[in-house]
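Report on the structure given below.
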Amino acid sequence: MPALTPTPAQNLATLRERIRRLAPGRAVQLVAVTKSVDAATALELARAGASDLGENRIDALEAKAAALREAGAEVRWHYLGHLQTNKARRAARVVDVLHSLDSADLADKLEKELAVAGRSMAVYLQVKLSAEPTKTGLERSELGALARHVQRCPHLRLSGLMAMAPLDVPEREAAARAVFRELRGLRDALQAQLGLALACSMGMSEDYAIALEEGADVLRIGSLLFAGEVA
């Protein structure tokens, strides 16, 4: 009889145990990225204890947030994709954590809309640390200025830095490790300048173990939860 494919909830439990073994004694936040699944599967994860769910399109996030709210599930919604300024109003009403803040203009628009909505939002500054043309984010030299700008926005909470490792490159593991190590160094320098505790949002399904070795505080995991068994 063939082995049964684990459910997303079972994979979630396995992954949490793997994280505990790889990062003993550390409080690592797991964001379950639900962009490839429907609201029913997102609800299954929420009921299995996933309190942080992530999307990279605002319309999908709005729809799933409404469905889970109607079902009585309370989760924090993380927005992971590039957020256009014309979507700031919609994001201000449903996003709890933004991992891709990359401009003062976007920060100002979010601040204005959050004030109207009576909400606050945690934000990570996205840094571009690889040369891939599809990657977005701040240049290293822009970090300090934007961080200080965010600190002047009462409805934004600066939580840390985010970066994505390159995908289609030779020696991918070494390239990922270099990006994660640099992000941690940038984080350490910035929090020393600001006197503020900051986290590193880094690591996805393909490279979470490397990210943990390099000090990740937040992992963004999607396909690993839904495709077969956790490796």
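When the Kirkwood radius is taken over all Cα pairs of the range 27-221, what Stokes-Einstein diffusion coefficient follows at 4 °C and 1.567 mPa s, in µm²/s?
Answer, rounded: 76 µm²/s.
With θ set to phi - 60°, apply the Karplus curve 6.51 cos²θ - 1.76 cosθ + 1.60 along the range 17-32 and write out the HN-Hα couplings as whole Hz, x wherever there is a Gly or Pro.
Listing the rounded values in order: 5, 4, 5, 4, 6, 7, 9, x, x, 9, 8, 9, 8, 10, 9, 7 Hz.
Using the Cα centre as the reference, give the magnitude of the dipole from point charges on the C-beta atoms of the range 1-116 (Lys, Arg: +1; Asp, Glu: -1; all else neutral), rounded to the nearest 20 debye. Intermediate values should be presented prior to the final figure.
Details: 17 positive and 15 negative charges, 65 e Å.
Roughly 320 debye, rounded to the nearest 20.
If we count trypsin sites (Lys or Arg not before Pro) as exposed when they sit in a DSSP loop and have at most 12 other beta carbons within 10 Å, what is the longest stretch of the chain that avoids them all?
27-151
When the helices in the chain are scored as -39500 (n - 2.57) per DSSP H run of 4 or longer and the sum is shared across all residues, what 222 nm value do you end up with, to the nearest 500 deg cm²/dmol?
It lands at -13000 deg cm²/dmol.
For His155, what is the net charge nearby, where nearby means another residue's Cβ is under 15 Å from its Cβ and Lys, Arg count +1, Asp, Glu -1? Could the numbers behind the result be given before it?
Details: positive: Arg89, Arg93, Lys109, Lys112, Arg119, Arg152, Arg157; negative: Asp96, Asp108, Glu111, Glu113.
The answer is +3.
Can you grab the distance from the C-alpha centre of the range 1-64 to the C-alpha centre of the range 174-231, Å, no decimals?
Rounded to whole Å, the Cα centres lie 17 Å apart.
Quick one: which residues, 5 or more positions from Gly54 or on another chain, have an amide H under 5 Å from its amide H? H modelled 1.01 Å from N in the peptide plane, none for Pro or chain starts.
The list, which skips near neighbours in sequence, is Ala32, Val33, Thr34, His78.
Read-outs: derived from the displayed coordinates by stated rules, not from any lab. Predicted model, so just to flag it, every value in this text is computed and none were measured. Here Cβ is always computed from backbone atoms with ideal geometry, including for glycine, and neighbour counts include all displayed protein chains.
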